[in-house]
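What follows is a single structure, written as structure tokens, with notes after it.
The values are calculated or read from the model by the stated rules, or taken from the named source; none is laboratory data. This is a predicted model, so every value here is computed, not measured. Positions of Cβ are backbone-derived with ideal geometry, glycine not excepted, and every protein chain shown enters the neighbour counts. Heads up: the accessible areas ignore ligands, DNA and RNA and are worked out on the full protein's heavy atoms, side chains in. Shrake-Rupley method; radii C 1.70, N 1.55, O 1.52, S 1.80 Å.
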Amino acid sequence: MIREQWYAILSAKEVRPGKPVGVTRMSQKLVLWRKEDGSVACIADRCCHRGASLAAGKIIYDHVMCPFHGFEYRADGKVMYIPANGRKAVVPDRYQVTGYEVREQYGLIWLWYGDARTELPEIPFFDDLKDGFAYGEFHENWNVHYSRAIENQLDVVHLPFVHGTTIGRGNKTLVNGPVVKWDDTRMTFYVKNVSDEGQTPEKPAEIKDYEKLFHLQLQMPNIWQNVVAPKVRIMAVFAPVDEENTMIYMRFYHGFMTAPVATQLMNGLGNIADRIILHQDRRVVLTQLPKKSELNCGDILIQGDLPIMEYRKMRQQLKDKAGRL
Ligand code: FES
Ligand SMILES: [Fe+2]
């Protein structure tokens with residue numbers, strides 16, 4: 001995981017009012033709940049008293065209450081009330097667990113993975129998806145580090161092999177480029193796969209008018225979109241669970257339906273198609289070793305892997321930068 005970043009970790013609808021929810025993200029057990037004003041709180045899910053999970057507890061106004069002996073926690077992780085000590089007792093500061101900065105935006109819960117700061121950077125999202133789209137969504141766990149799951153979505157070389165029956169039809173095994181462009185921490189990569197007629201693949205710099213090509217985007221540290229058409233997108237969140245697991249949230253965004261029934265139908269159809277494609281990927285990605293990718297993880301890359309190479313470099317750069325703060 002890269003420090004000093006906003007990570008999308010959950011779909012907002014998973015945190016319902018009135019009930020705490022326990023998840024593992026960033027290799028930590030977390031409990032999230034909604035306060036009275038609807039805003040989301042997140043603290044470590046391990047009671048400082050005797051280690052019970054708070055996720056099985058109750059929400060009391062803005063606090064979450066441990067189901068074991070009733071300790072009540074505030075959103076910053078501090079214990080505010082110990083029933084056995086009486087209402088009047090002042091709770092010493094040592095009774096606390098780690099609290100996390102979380103925000104709800106774009107239908108997602110975002111966690112600040114870094115040191116507390118008075119001013120946090122803006123949450124990174126695709127500007128063009130901020131409004132004007134409806135979406136359907138599903139999620140599933142993959143037994144790989146999130147870096148491998150992301151790289152699979154940057155992989156233009158696998159299409160005819162893994163998706164020969166769906167998006168990789170046509171046996172376009174020869175990979176020109178691809179062209180990779182960065183805008184701060186957002187990568188856009190342009191795909192020009194063709195059939196092999198004995199030609200040499202074009203180098204990225206040789207590709208003219210690349211802007212007109214089919215393209216996809218990765219926003220560091222963990223969201224991705226496939227620009228299928230101006231009004232159709234597939235967006236994915238790769239939420240790090242731990243070193244060997246990733247929760248993938250897939251959304252099918254579309255902007256051309258107005259009637260609610262048609263919208264629902266599109267959501268459903270889009271989800272089915274996305275799921276079939278994702279499962280074609282899963283079969284192979286789950287076998288990759290090591291489960292986590294890094295700059296020097298032993299893979300020997302080829303020209304067509306440029307987006308993967310660039311992702312690895314950017315990850316390292318952001319890690320180094322966070323280490324210097
Ligand atoms: S273990 Fe939570 S209150 Fe005792
Ligand atoms: Fe794929």
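Worth pointing out:
Conditions (1) open to solvent by less than 40 Å² (accessible area, probe 1.4 Å); (2) touching a Ser or Thr at 6+ places or on another chain (Cβ under 9 Å); (3) in a loop (DSSP other than H, G, I, E, B); (4) within 16 Å of ligand 2 (Cβ to nearest atom), marked per residue:
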{"site": "G132", "(1), (2), (3), (4)": "no, no, yes, no"}
{"site": "G136", "(1), (2), (3), (4)": "yes, yes, no, no"}
{"site": "N141", "(1), (2), (3), (4)": "no, yes, no, no"}
{"site": "V144", "(1), (2), (3), (4)": "yes, yes, yes, yes"}
{"site": "A149", "(1), (2), (3), (4)": "yes, yes, no, yes"}
{"site": "N152", "(1), (2), (3), (4)": "yes, no, no, yes"}
{"site": "V157", "(1), (2), (3), (4)": "yes, yes, yes, yes"}
{"site": "P160", "(1), (2), (3), (4)": "yes, yes, no, yes"}
{"site": "G164", "(1), (2), (3), (4)": "yes, no, yes, yes"}
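- Filtering V241, V227 for residues that are among the β-branched types (V, I, T), within 20 Å of the chain's Cα centre (by Cα), part of a strand (DSSP E or B) and over 25 Å from V180 (Cβ atoms) leaves a single hit, V241.
- Residue match in region 254-275 (condition: modelled with pLDDT of 90 or more, open to solvent by less than 10 Å² (accessible area, probe 1.4 Å), assigned to a strand (DSSP E or B) and in the same structural domain as L159 (by TED's automatic domain parsing)): yes
- Contacts under 9 angstrom Cβ, first residue in region 272-298 being of a type in the set (D, E) and away from ligand 1 (no atom under 16 Å from the Cβ), partner open to solvent by less than 60 Å² (accessible area, probe 1.4 Å) and assigned to a loop (DSSP other than H, G, I, E, B), 6 or more apart: D281/D155; D281/H158; D281/H163
- Number of the condition not met by H279 [criteria: (1) in contact with a helix residue (DSSP H, G or I) (Cβ under 9 Å, 6 or more places away or on another chain); (2) within 15 Å of ligand 2 (Cβ to nearest atom)]: (1)
- Qualifying strands (runs of 3 or more DSSP E) (wholly inside region 1-103; at least 1 residues being closer than 27 Å to M247 by Cβ, away from ligand 2 (no atom under 16 Å from the Cβ) and open to solvent by less than 30 Å² (accessible area, probe 1.4 Å)): 5-11, 21-25, 28-34, 40-44, 63-65
- For region 179-197, the condition of being more than 16 Å from ligand 2 (Cβ to nearest atom), at positive phi and in contact (Cβ under 8 Å) with a residue 24 or more places away in the chain holds for none of the residues.
- Residue among E104, E119 that alone is outside the structural domain of C48 (by TED's automatic domain parsing) and away from ligand 1 (no atom under 16 Å from the Cβ): E119
Yes/no per residue for (1) of a type in the set (A, V, I, L, M); (2) touching a residue at least 60 places away in the same chain (Cβ under 8 Å); (3) under 16 Å from Q225 (Cα atoms):
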{"residue": "K130", "(1), (2), (3)": "no, no, yes"}
{"residue": "A134", "(1), (2), (3)": "yes, yes, yes"}
{"residue": "W142", "(1), (2), (3)": "no, yes, no"}
{"residue": "Y146", "(1), (2), (3)": "no, yes, yes"}
{"residue": "A149", "(1), (2), (3)": "yes, yes, yes"}
{"residue": "Q153", "(1), (2), (3)": "no, yes, yes"}
{"residue": "T166", "(1), (2), (3)": "no, yes, no"}
